[in-house]
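Below: one structure, written as structure tokens.
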Amino acid sequence: MSKLHYLELNDNQLTGHIPPELGKLTDLFDINIAGNKLEGHIHDNLSSCTNLNSLNVHGNKLKGTIPAQLQRLESMTYL
């Protein structure tokens, strides 16, 4: 799955934490995990996904701030 471009797991009642391993999928353009029951925080290693232009985590139970490294991604257009 290292060449995965789109990860759409929204509205699936997922629980737990956002896996830090997502940061290893460096070719991702879009991550949509909105509308689940995920907890914890957004890992700063998602900034390894340098092509990422959309990250949708709306409607979860996440805490903390958006990592600065993620905010600096030049390709990011939707957060």
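The values are calculated or read from the model by the stated rules, or taken from the named source; none is laboratory data. All figures in this text were calculated on a predicted structure; none of them were measured in a lab. Virtual Cβ from ideal backbone geometry, glycine too; neighbours counted across all protein chains shown.
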Residue pairs, Cβ under 9 Å, 6 or more apart or interchain, first in segment 23-43 and closer than 19 Å to A68 by Cβ, second acidic (D, E) and at pLDDT 95 or above. List them. I31/E8
Name the one entry in K37, K63 that is farther than 19 Å from L9 by Cα and modelled with pLDDT of 95 or more. K63
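What number of residues in segment 1-56 are of a type outside the set (V, I, T) and not in a loop (DSSP other than H, G, I, E, B)?
Of all residues in segment 1-56, those of a type outside the set (V, I, T) come to 1-14, 16-17, 19-25, 27-30, 32, 34-41, 43-49, 51-56.
Within this subset, residues satisfying the condition of being not in a loop (DSSP other than H, G, I, E, B) are 6-8, 16-17, 20-24, 30, 32, 37-40, 44-48, 54-56.
Matching residues across segment 1-56 total 24.
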